[in-house]
Amino acid sequence: MTNKLIRLIQYSLYPISWLYGIGVGFRNKLFDWGYLRSKSFSIPVICIGNLAVGGTGKTPHTEYLIRLLQKNNFNIAILSRGYKRISKGYVLATPRSDVQTLGDEPYQMKTKYPDIRVAVDEDRCQGIEHLMQLKNPAVDVILLDDAFQHRYVKAGLNILLTDYHRLYCDDKLLPAGRLRENEKGKERAHIVIVTKCPEDIKPIDYNIIGKRLNLYPYQKLFFSCLQYGMLTPLFPETGSKERTLNSLKEADILLMTGIASPAPLKKKIKKYAAHVTSLSFGDHHNFTSTDIRQIKEQFGKLKGENRLIITTEKDGTRLIHHPSIDESLKPFIYTLPIEIRILQNQQNIFNQNIIDYVRTYSRNSSLPQK
């Protein structure tokens, strides 16, 4: 598809985006005017979200907060909608919970951090009320995953993420672009993080981006980049061991993803492996037996003895218990963990902002805005 055709299609969608913007804007005004009510809670609530649909790195940023708060001895609960789960209503994760009951991202976090509470509920207010009733130990802080537009909850600390490669100021409303709501929605954020930055981002770019985002004095701006860990076997019982990205130099790779923005991961893998075949599915894709056969066929076309299938941790949650996974594939399937790093030597400042909020706001009165 040519750029000219893409622009033509985008222009044709502007009238729909305009109507969509009117609807979303009117809903936000009903909250601003008090006709729709936002509820505060007597517990610190941190919301991690964005203005765009998918792909800004919510999960690794949420996991960063989990590790930070655990290190400071807070009892954490995660509350998510549980996208594409088969269950309904409030569900508190247990050791027996599966990806179908929780959704892929909540299941991933419960698997990686078994000591925290993870719950899903479409009604975030109801979910928070259930979590506040938990004892032994009681919950100290609740992290709301992807709830920036869920205004029935008045989070005490709103963290807004925006992708370095597609800032909200450069985007358009759905369906012409990817914005769920107008750029004006940024006003509700206390912290804005520009995610997926290059590790070698130039100092002048920080200033340019800061001016373009046009934040208010009460808002704090940070920048983060992705960091990749050791390749981890999805099925360690096969005898496969962790390996470094440097070990891919002579490998043939099938990079299989079902995420919103696979481009950064593809770019990273291609830095280490000379031969990379990509197989991409939609975000939160539920793999079918046909998909598994396609993966096996693509893997069979790779040459050489050093062959691997690399996927994301999120995709791994949907593959690990899949009944159609061929036993012959299991030793070759690896996941690549992703973490984030706060840039500009601002990590301690960011961390202190989070800790100070949780310690200070025992009642979830919102931080000051304009």
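So residue 67 passes all but one of these: (1) under 16 Å from the mean Cα position of the chain (by Cα); (2) not in a helix (DSSP H, G or I). Which condition number does it fail?
Result: residue 67 fails condition (2) only.
With respect to residue 177, is the statement that it is surrounded by 21 or more Cβ atoms within 10 Å (Cβ to Cβ) and not in a strand (DSSP E or B) true?
So residue 177 fails the test.
Inspect the range 241-260 for any residue being in contact with a helix residue (DSSP H, G or I) (Cβ under 7 Å, 6 or more places away or on another chain), surrounded by fewer than 17 Cβ atoms within 10 Å (Cβ to Cβ) and outside any helix (DSSP H, G or I) and give the result as yes or no.
yes
Determine whether residue 60 is more than 30 Å from residue 169 (Cβ to Cβ), within 13 Å of the chain's Cα centre (by Cα) and not small (Gly, Ala, Ser).
So residue 60 does not fit the description; no.
Have a look at 281, 299, 350, 332 and point out the one that is touching a strand residue (DSSP E or B) at 6+ places or on another chain (Cβ under 8 Å) and over 25 Å from residue 105 (Cα atoms).
When all the criteria are applied, what remains is 299.
Just one of the numbered conditions (1) modelled with pLDDT of 95 or more; (2) under 30 Å from residue 160 (Cβ atoms) is not true of residue 237; which one?
Here residue 237 meets the rest and fails (2).
Taking into account only those residues within the range 81-128 that are aromatic (Phe, Trp, Tyr) and assigned to a loop (DSSP other than H, G, I, E, B), which is nearest to residue 143 (Cα to Cα)?
Start the filter on the range 81-128 by keeping residues that are aromatic (Phe, Trp, Tyr), which leaves 83, 90, 107, 113.
Now drop any that are not assigned to a loop (DSSP other than H, G, I, E, B), which leaves 83, 90, 113.
Working: 83: 16, 90: 16, 113: 14 Å.
Within the range 81-128, the match that is nearest to residue 143 (Cα to Cα) is 113.
Can you tell me which residue within the range 297-341, out of those that are basic (Lys, Arg) and in a strand (DSSP E or B), is surrounded by the fewest Cβ atoms within 10 Å (Cβ to Cβ)?
Applying the filter and picking the extreme gives 341.
Hey, could you check the range 261-278 for residues that are outside any helix (DSSP H, G or I) and out of contact with any strand residue (DSSP E or B) (no Cβ under 7 Å at 6 or more places or on another chain) and say which is surrounded by the fewest Cβ atoms within 10 Å (Cβ to Cβ)? Outline the logic, then answer.
Filtering the range 261-278 down to residues outside any helix (DSSP H, G or I) leaves 261-262, 273-278.
Remaining after also requiring out of contact with any strand residue (DSSP E or B) (no Cβ under 7 Å at 6 or more places or on another chain): 261, 274.
On the way: 261: 17, 274: 11.
Looking at the filtered set, the residue picked out is 274.
Go through (1) crowded, with 17+ Cβ neighbours inside 10 Å; (2) closer than 26 Å to residue 286 by Cβ; (3) touching a strand residue (DSSP E or B) at 6+ places or on another chain (Cβ under 8 Å); (4) not aliphatic (A, V, I, L, M) and name the single condition residue 156 misses.
Of the numbered conditions (1) crowded, with 17+ Cβ neighbours inside 10 Å; (2) closer than 26 Å to residue 286 by Cβ; (3) touching a strand residue (DSSP E or B) at 6+ places or on another chain (Cβ under 8 Å); (4) not aliphatic (A, V, I, L, M), the odd one out for residue 156 is (2).
The values are calculated or read from the model by the stated rules, or taken from the named source; none is laboratory data. In this text the structure is predicted, and so the values were computed from the model without any measurement. Here the Cβ is made from the backbone with ideal geometry for all residues, glycine too, and neighbour counts use every protein chain on show.
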